[in-house]
Amino acid sequence: MARCRARTDRGTLCKNPVKKAGQRCRHHQGMSEAGPKPSKARSPRRRTYTSQPPRRQAPPTRRPSSAIANQSVGRAQEERQRRVRETANSCNRVISGAWQDAVTHRANQYVSEDTWLQVTSRRRHRKCTLLAEMASAIFNGKDAIHGFVGSVAGEVAFLFGAGRVVKTFAQELASRLPLPMDTELVAVARALQVTGVLLCSLNGDDLTRCRCFIDLALTETKENAGNLLTAAMNDWVNLKAVT
């Protein structure tokens, strides 16, 4: 049987039957017989790389100065904490019930019983912070302080917002230590720090959380800090020059 053999839209030859060769089916009337199948147009080959093209290296980034400063501050903070921990480990053997009793007895020799009871009452950790601020102010300004020694510590306490009880305690200490002015101020500042350590010890706080002990650990060696706490069990006049 003869076939239409006209070229379809798909590029194939029509296979519809016709009466005789050379005729076209009703779908391809008037179309000539198809010639050879046209070749497909070749698409351009894509360029391939045998290896990845080299990447441009980004210029090295410089660390901002703020990051360097923060890193330095972090290292300094870690060093401070390490020093406080080591000093606390060294001084823990000094702090005991016997030490608390001895220091309490010595403190009662320089302040009235009523003042001492108020100092050792509630909010001991807060009072330790006030004592530390007062002691620091005395150390920083002792060279410029001259006048009525008995009121010096009280005025410093007032400037730092210390409570009435802490202010009275400092005044009584400063007025009853039988020492020359400058050495008296050093002894008062040391006594304030020792009192703060005692309050935190009575409160059951860790030494590394005691503000007075932290100041002591950062300004003295482990040996000197231990000697100072040991000397506090005796006459507080000796606190003026503990090494």
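Quick note: the coordinates plus some simple rules give every number you see, no bench work behind them. From a predicted model like this one, the values you see are computed outputs, not experimental measurements. Reconstructed Cβ throughout: ideal geometry from the backbone, glycine too, with neighbour counts over all protein chains shown.
So here's what we get for this one:
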item: J(HN,Hα) series, the range 121-129, from Karplus relation 6.51 cos²θ - 1.76 cosθ + 1.60, nearest Hz, glycine and proline x; result: 6, 4, 6, 5, 5, 5, 5, 4, 4
item: Whole-Hz couplings from phi, Karplus 6.51/-1.76/1.60, listed for the range 8-23; x for Gly and Pro; result: 7, 5, 7, x, 9, 8, 5, 10, 5, x, 10, 5, 8, 4, x, 7
item: Hz values of 3J(HN,Hα) by residue in the range 104-116 - Karplus curve (6.51, -1.76, 1.60), Gly and Pro given as x; result: 4, 4, 5, 4, 5, 7, 10, 10, 5, 4, 5, 5, 5
item: Qualifying aspartates and glutamates (Cα of each under 17 Å from Cα of K15; at least 8 residues distant if same chain); result: E33
item: Among 13-23, 105-115, 119-129, the order from most to least packed when residues are scored by Cβ within 10 Å on average; result: 119-129, 105-115, 13-23
